[in-house]
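Down below is the structure, laid out as structure tokens.
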Amino acid sequence: MTRLAVRSLVVLFLTVASPFLVAGGGGAKLNASSSSSPLYGIEFPPFNAGVADGGCDGKLMVQGMEEVSRSPSLKLHMTHRSAAEAAAAGRTRKESFLDSAGKDVARIHTMLRRVAGAGGGRAATNSTPRRALAERIVATVESGVAVGSGEYLVDLYVGTPPRRFQMIMDTGSDLNWLQCAPCLDCFEQRGPVFDPAASLSYRNVTCGDPRCGLVAPPTAPRACRRPHSDPCPYYYWYGDQSNTTGDLALEAFTVNLTAPGASRRVDDVVFGCGHSNRGLFHGAAGLLGLGRGALSFASQLRAVYGHAFSYCLVDHGSSVGSKIVFGDDDALLGHPRLNYTAFAPSAAAAADTFYYVQLKGVLVGGEKLNISPSTWDVGKDGSGGTIIDSGTTLSYFAEPAYEVIRRAFVERMDKAYPLVADFPVLSPCYNVSGVERVEVPEFSLLFADGAVWDFPAENYFVRLDPDGIMCLAVLGTPRSAMSIIGNFQQQNFHVLYDLQNNRLGFAPRRCAEV
């Protein structure tokens, strides 16, 4: 069985509906049924429909920034596609989930190469963000169930007049980019690609601009003969056969504020206008980078929302909306179960994109497992360590730790559930046909500063009905590779990236209600 699994591009889509889990007794319980509720969020016009003065909520301003009263933060809505949509596309939950695991593999290989410094795709860290306004931005996020992806998509309006595009949300990369006309080699997306000629606010970054040095040039870079007029070419890679090539540009991005009907237009956001794009992007228009580098959407918009952003992902398979919030969320900050752990430094400059945390141990069934502390360390060459990532579907632990975790679940699992031998990729798997609630050992992560992240069963076991099979949604990476806390394990937690205080926050919440 293949145990190396690496994440694919960050798209806020998830291909498998996860079961609804209920805690109880000495372990967590897995319920076979899941509930649904109406979509929460903002009504958007059709894809690429021009937004007039009436706007997406009746008040979107096209030619400038609307005056809005300051509010604590800015909230973006996210929605998750239902399992029914995946079924309509002819994909079973098993097929979708295993496909996500395969794409994770390509994703992880890319991360390892980037940490090792073997290529481009890195943007320098912005260490001096501008002073922020006290307001929040809110965006809609959708799951990728219908298009066979384990990532999530964010709704944004780009250009003048603003047009709606769905972009993959990725905390593991920095560059924002859209497929652009003329499209020389592009993947299929829903709706037309971005057309620079149709936007009054589009401008190329020139090859002599200092920002051009933040991206890697193509393999055969063009000579910069006219530094003040020639465009800046870029090349950004993610995994096997996944990359985007085009011109670095500036454009207006319009986002909604939490104040009713209010919006903010942010001019001169740096993004990639991709004319040649290949990879597993599954219908998205491009990618929204939320990493730590200077070119990420999170870094560029600090003047608008400050030093914090957070997201709350509904359970996989739900059609209910969820949100990504730029700025402080008062409800989250006042949550009685909000816990923090410090971000850990990385040893390699090429890893500046990623959000590292310092793991100390893993608990299964309430017992700390016998895993060598060195398993979690970051090597001098940047290898190892643990990151939290919205673009990886499953969670992955360095092979020595994974083997101990897998064995602990096998030993502690109720013997009433027969092991399923030779199930592809995932292990262990159990036959739970006819069982409404399955009891599984509890699972927690222990951090070096004493913080503990306890997960409900739905976040680390996936039930693949109608097959009646339930599998541990955790896999292994090579001994020297990083460990990754993926988006499946983050569902129904409000996860806070507090860059002002250099810490990660997490609190259990029903994300459909955020």
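Some notes on this structure:
- Solvent-accessible area of Lys360 with every protein chain in place, 1.4 Å probe, in Å² to the nearest 10: 100 Å²
- Nonpolar atom fraction for the range 132-304, defined as the carbon and sulfur part of the 1.4 Å probe accessible area, stands at 54 percent.
- Net charge dipole size for the range 132-304 [Lys, Arg +1 and Asp, Glu -1 on Cβ; Debye, nearest 20]: 340 debye
- Among the GluC sites (Glu not before Pro) within the range 333-430, not one is in coil by DSSP while having at most 16 neighbouring Cβ atoms inside 10 Å.
- Tail beyond 19 Å, pair distance distribution of the range 329-511 (Cα, percent): 59 percent
- Length gained when the stretch Leu369-Ala181 is fully extended (0.36 nm per residue, less Cα-Cα span): 62.4 nm
- About its Cα centre, the dipole of the range 329-511 is roughly 220 debye, where the only charges are +1 on Lys and Arg Cβ and -1 on Asp and Glu Cβ.
- Put simply, the Cα atoms of the range 300-431 extend 54, 43, 30 Å along their principal axes, the longest span coming first.
- The range 178-202-the range 431-452 distance, computed between alpha-carbon centres (Å): 44 Å
- The base-10 log of I(q)/I(0) for the range 132-304, evaluated at q = 0.13, 0.20 Å⁻¹, reads -0.61, -1.49 [Debye formula, identical scatterers on Cα atoms, solvent excluded].
- Measuring nothing but protein heavy atoms, the accessible surface of the range 329-511 at 1.4 Å probe radius is 48 percent carbon and sulfur.
- Ligands, DNA and RNA are left out, and with a 1.4 angstrom probe the accessible area of the range 329-511 is 36 Å² per residue.
- Label point of Cys224 set 7 angstrom out along Cα-Cβ; within the range 294-310, no amide nitrogen lies under 16 Å from it.
- Charge-dipole axis of the range 132-304 as Lys and Arg at +1 and Asp and Glu at -1 on Cβ define it, positive-most pick from Cys207, Leu248, Leu290: Cys207
The values are calculated or read from the model by the stated rules, or taken from the named source; none is laboratory data. This structure is a prediction, so every number in the text was calculated from the model and none was measured. When we count neighbours, we look across all protein chains shown, and the Cβ atoms used for this are built from the backbone with ideal geometry, even at glycine. Just so you know, the surface numbers come from the protein's heavy atoms only, side chains and all, with ligands and any DNA or RNA stripped out. Shrake-Rupley method; radii C 1.70, N 1.55, O 1.52, S 1.80 Å.
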